[in-house]
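Since every read-out is calculated from the coordinates, none of them should be taken as a lab result. Since this is a predicted model, take the numbers as computed values, not measurements. Here the Cβ is made from the backbone with ideal geometry for all residues, glycine too, and neighbour counts use every protein chain on show.
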Amino acid sequence: MKMHLIIRRFAGAFILVSLLLAHYHSLYWLWFTAFVGFNLFQSSFTNFCPLEMILRKVGVGNETGQDNQTSGSGCAK
């Protein structure tokens, strides 16, 4: 699976889970939603994505023929 698809799924899942937690548990979970949104925003300028670095270290998305980029592509490029 391509790296950018995995990153988008993680971001979407984190946002939905934090919204559910904010609704049913505590509004402080919206800070996590803001963190995810800010990280996506900053990665569009800096091309730095912590999740991408973590996924590369564990070998996700490095199968033959997928994501042949050697430099960081930023979150959900």
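Here is how the numbers come out for the structure above:
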quantity	calculated
Where a residue in the range 36-62 is without any contact (Cβ under 8 Å) to a residue 12 or more places away in the chain and more than 14 Å from ILE6 (Cβ to Cβ) and its partner, wherever it lies, is assigned to a loop (DSSP other than H, G, I, E, B) and of a type in the set (A, V, I, L, M, F, W, C), with Cβ under 8 Å and at least six apart	GLN42/PHE48
Count of the range 1-32 residues which are in contact (Cβ under 8 Å) with a residue 60 or more places away in the chain and assigned to a loop (DSSP other than H, G, I, E, B)	2
